[in-house]
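Heads up, the thing below is written out as structure tokens.
The values are calculated or read from the model by the stated rules, or taken from the named source; none is laboratory data. Please read all numbers here as calculations on a predicted model, not as lab measurements. Quick reminder, even Gly has a Cβ in these numbers, built from the backbone with ideal geometry, and neighbours come from all protein chains shown. Just the protein is used for accessible areas: all its heavy atoms, side chains included, with ligands, DNA and RNA removed. Shrake-Rupley method; radii C 1.70, N 1.55, O 1.52, S 1.80 Å.
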Amino acid sequence: EKALRLDDPLPMLHLLKGNLCLKLNRPDSAVSSFRKAQTLEPSISAFEGLAKAYAAFRKHKEALVTAREAVRLMPSSPRALLLLGSVYAKQGETRARAMKIFESVLRSNPNCKEAILAVIDIHVANRNLVAAEHILSKHLESNVNDDLHTRLAGIFVEGQKYGQAVEHYHIALSLNEANEEAATGLERLEKIMKGIDPDLLPDDEDE
């Protein structure tokens, strides 16, 4: 981080610093870095980082302004539309707008994983697990993807359909053995099925 000065002319370095600051839970510094990157060279990566940093600050209005500006400058960019949708999706009263945006992206690119998962997240947030299951199952008929299988498994867990959840976690890991979310989800599920609280520490389990 010491090598990244505020006056450095390379936008990529400021993007790297911004992402580093987000990981270190320093959203104020992240905002400064992403703004500098955006000033040097407006890019979707800078807009995404800035909106994420504002969200970490719980500054929804600023995040929304940032996302709208990204769409204004890059109206044909799916990533810009996804960014705007993701900001809308964070607020219950604007989820319907987010859904319309994600669905428009899927009309252009039916296999866009990010849009599929975003639609699923909205259904889950609205506690419409049946719709989430249906949409994911439909997409998996033509789009074999370990992340989608993992997400479907997670939904089955929420619906207490443990047998189906196990099946899809195993499919995800067969497609990508490095899928940490699937491995962790399967481990937690196995504890649940044994009647063990998955959030207990190992020492607590022995007591």
query: In the set Ala131, Ala96, Ala67, which member is out of contact with any His (no Cβ under 6 Å at 6 or more places or on another chain) and farther than 14 Å from Glu48 by Cα?
result: Ala96
message: Condition (residue is at pLDDT 90 or above, assigned to a helix (DSSP H, G or I) and under 24 Å from Ala115 (Cβ atoms)) applied to segment 23-30: is it met by at least one residue?
response: no
query: So, in segment 158-186, of the ones that are of a type in the set (S, T, N, Q) and within 21 Å of Ala131 (Cβ to Cβ), which residue ends up surrounded by the most Cβ atoms within 10 Å (Cβ to Cβ)?
result: Gln164
task: From (1) out of contact with any helix residue (DSSP H, G or I) (no Cβ under 6 Å at 6 or more places or on another chain); (2) at pLDDT 95 or above; (3) buried (at least 19 other Cβ atoms within 10 Å of the Cβ), pick out the condition that doesn't hold for Gly85.
output: (1)
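Test Ile155 against the stated conditions and say whether it is at pLDDT below 95, open to solvent by less than 70 Å² (accessible area, probe 1.4 Å) and hydrophobic (A, V, I, L, M, F, W, C).
Answer is no for this residue.
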- request: Scan (1) in contact (Cβ under 8 Å) with a residue 24 or more places away in the chain; (2) surrounded by 17 or more Cβ atoms within 10 Å (Cβ to Cβ); (3) under 15 Å from the mean Cα position of the chain (by Cα); (4) over 28 Å from Ser43 (Cβ atoms) for the single condition Ala125 breaks and write down its number.
  value: (2)
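Can you pull out every residue in segment 28-54 that is hydroxyl-bearing (Ser, Thr, Tyr) and open to solvent by 60 Å² or more (accessible area, probe 1.4 Å)?
Residues of segment 28-54 that are hydroxyl-bearing (Ser, Thr, Tyr), as a first pass: 29, 32-33, 39, 43, 45, 54.
Correct list: Ser32, Thr39.
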- prompt: Is one or more of the residues making up segment 152-168 without any contact (Cβ under 8 Å) to a residue 40 or more places away in the chain and more than 21 Å from Ile120 (Cα to Cα)?
  reply: no
- request: Kindly list, by first and then second residue, each pair from a residue in segment 131-144 that is closer than 14 Å to Leu106 by Cβ to a residue that is among the basic types (Lys, Arg), limited to pairs with Cβ atoms under 8 Å and residues at least 6 apart or on different chains.
  value: Leu136/Arg151; Asn143/Lys113
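Quick one: which residue in Glu103, Glu93 is farther than 25 Å from His168 by Cβ, surrounded by fewer than 19 Cβ atoms within 10 Å (Cβ to Cβ) and of a type in the set (Asp, Glu)?
One residue alone meets the criteria, Glu93.
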- prompt: Name the pairs: first residue in segment 78-101 and touching a residue at least 24 places away in the same chain (Cβ under 8 Å), second residue part of a helix (DSSP H, G or I) and of a type in the set (Ser, Thr, Tyr), Cβ to Cβ under 6 Å, at least 6 apart or on different chains?
  reply: Tyr88/Thr94; Ala98/Tyr88
field: Tabulated pairs, segment 172-197, first without any contact (Cβ under 8 Å) to a residue 40 or more places away in the chain, second open to solvent by 90 Å² or more (accessible area, probe 1.4 Å) and outside any helix (DSSP H, G or I), C-beta under 8 angstrom, 6+ apart or interchain
entry: Leu175/Val144
Scope segment 62-76; condition under 18 Å from the mean Cα position of the chain (by Cα) and surrounded by fewer than 21 Cβ atoms within 10 Å (Cβ to Cβ); matching residues: Leu64
